[in-house]
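The values are calculated or read from the model by the stated rules, or taken from the named source; none is laboratory data. Quick caveat: nothing in here was measured; it's all calculated off a predicted structure. For neighbour counting, all protein chains shown are included, and Cβ atoms are generated from backbone atoms with ideal geometry for every residue, glycine included. Just the protein is used for accessible areas: all its heavy atoms, side chains included, with ligands, DNA and RNA removed. Shrake-Rupley method; radii C 1.70, N 1.55, O 1.52, S 1.80 Å.
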Amino acid sequence: MMPTRQPRDLLEDEAPLPKPTGNTALVLGVVAVMMIGCPWLPDPVPVWMRSFPLYLVLPTGICAALAGALTLRSMRGQADADRRRARAAGILLGTIAIIVPLAVIAWACWQLRDI
């Protein structure tokens, strides 16, 4: 008597996909960098929509960098985790969104010092 053979599941043999983590850091980093460009929106856009996001760049950048760092810390020890999204988006874009406004403020203070 021949043993019955069960059909093999094709998905069973494949390696598990990396877990999608770092989405919050990605979104916050992209939004923070996009807000830097708001003053260069076209003239039909109201003035408050061009200037108000500049007040939120620094806090959003800090949140993006913190979210990326916390995500990397929570992924420690997970071999199948994809760390690129948290590292590239959260930490890199968040750091850019922190450095650019601080550099502009330092430049403005340096320029206004001689007045």
Which numbered condition in (1) farther than 29 Å from Gly77 by Cα; (2) open to solvent by less than 100 Å² (accessible area, probe 1.4 Å); (3) modelled with pLDDT under 65 is the only one that Asp13 fails? (1)
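Can you confirm whether Ala86 is under 12 Å from the mean Cα position of the chain (by Cα), at pLDDT below 90, among the small types (Gly, Ala, Ser) and not in a loop (DSSP other than H, G, I, E, B)?
yes
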Criterion first (closer than 20 Å to Val31 by Cβ, open to solvent by less than 60 Å² (accessible area, probe 1.4 Å), modelled with pLDDT of 90 or more and among the aliphatic types (A, V, I, L, M)) does Ala69 satisfy it? no
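Here are some residues: Gly29, Gly77, Gly94, Gly61. Which one is outside any helix (DSSP H, G or I) and either surrounded by 13 or more Cβ atoms within 10 Å (Cβ to Cβ) or modelled with pLDDT under 90 (or both)?
Criteria check complete, one pass: Gly77.
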